[in-house]
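Step one of this worksheet: look at the structure below.
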Amino acid sequence: MIVSVVIPVAKEGNTLYERIHLINKHFNSLSSSHKFSYEIILVSDIFHKPTLKAMIRLAKENVAKCLLLTQRIGKGGSIKNAIPFSRGDYIVILDADIPVRPIFINQAVVLAMNLGIDLIIANRVYRTHSLLRRVLSVAYNSLVNLLFKTGLRDHQAGLKILSRRAAKIILMKRTRTDGLAYDTEIVVWAKRHGLRYRAVNVVWREQREGSTIPPMRALLTMLADLIMLRLLTLAGKYVALQKLVIGRVIDLGNIHTVGQEFMTVIRASRPKNHLLNVLRKLYIAVALRR
């Protein structure tokens, strides 16, 4: 049995190399006591030279499979574009600064396997965030519960574990969001499809100095995604989505194209399509502007 650890990467710099080497070492030692192995997949939609150099080294040393997307798309879109290249029976989605100890991730994977849980969600009981981020987080999670009644306190933690079955249903067929609200959409569609999900408490220690995304800009785009998600869930369990090719997926191990980069869009008639394209461009300008 294989567990795929998918890590969306931004401007991590040279520290990414040592960080991934270390977690790979931990995973190798942990998997020896279980009947499964780990593979690490890094994916980035940003051309940041120090980060790409680190990814190329990791790929050439067979520590991780490293993918570069040629167009900016966001965290959710990066993950969705990486999933087709994973082999795991379970998929771990993890932030690039590795804020959770590998042994906890291993225990959560074993829990999911033993109990047949489709989705494990991290509930951050301790975090080193600023007061503003904590206040915005409480407000956001309260709004999500008001709209979707998930019963969870934390929807946005950058650690989630899905069975391959759940990944096929949610990640590749149901989720529209390519941005930061992607974590929330995973939970909402899991509930909508009657999949088994559970929250587990975790000590969360971010390794970065702070988020590179302005809190208010992130909040605006996430609220826009929540409104759209609410409209889609009101429309029914199945939503007319389609994949729109926007670029290429490059394997950094041998620097060659291995697939097409896509974004997920709502299927619409021509007049509506024109309006949606305008709204999409406006959203991307706000969400991904440096």
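Rounded if a/c is under 1.5, else prolate if a/b is larger than b/c, else oblate: which is the range 1-64, with a ≥ b ≥ c the root eigenvalues of its Cα gyration tensor?
Working: a/c = 2.71, a/b = 2.08, b/c = 1.30.
Verdict is prolate for the range 1-64.
Can you give the extra length, in nm with one decimal, that the chain gains between R133 and L220 once fully stretched, where that is 0.36 nm per residue apart less the Cα-Cα distance?
On the way: separation 87, 0.36 × 87 = 31.32 nm, distance 1.37 nm.
Contour length minus Cα-Cα distance gives 29.9 nm.
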Original post:
In a shell of Cβ-Cβ distance under 11 Å around G76, excluding G76 itself, what net charge do Lys and Arg (+1) and Asp and Glu (-1) give?
Top reply: -2
Subject >> Solvent-accessible area, 1.4 Å probe, carbon plus sulfur percent, for the range 4-112 >> reply: 53 percent
Original post:
Any idea of the accessible area per residue across the range 75-161, 1.4 Å probe, to the nearest Å²?
Top reply: 38 Å²
Original post:
Roughly how much of M228 is accessible, in Å² to the nearest 10, using a 1.4 Å probe?
Top reply: 60 Å²
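The values are calculated or read from the model by the stated rules, or taken from the named source; none is laboratory data. None of the values given here were measured: they were computed from a predicted structure. Every residue, glycine among them, receives a Cβ derived from its backbone with ideal geometry; neighbour counts consider all protein chains shown. Remember, those area values only see protein heavy atoms, side chains included, never the ligands or the DNA or RNA. Shrake-Rupley method; radii C 1.70, N 1.55, O 1.52, S 1.80 Å.
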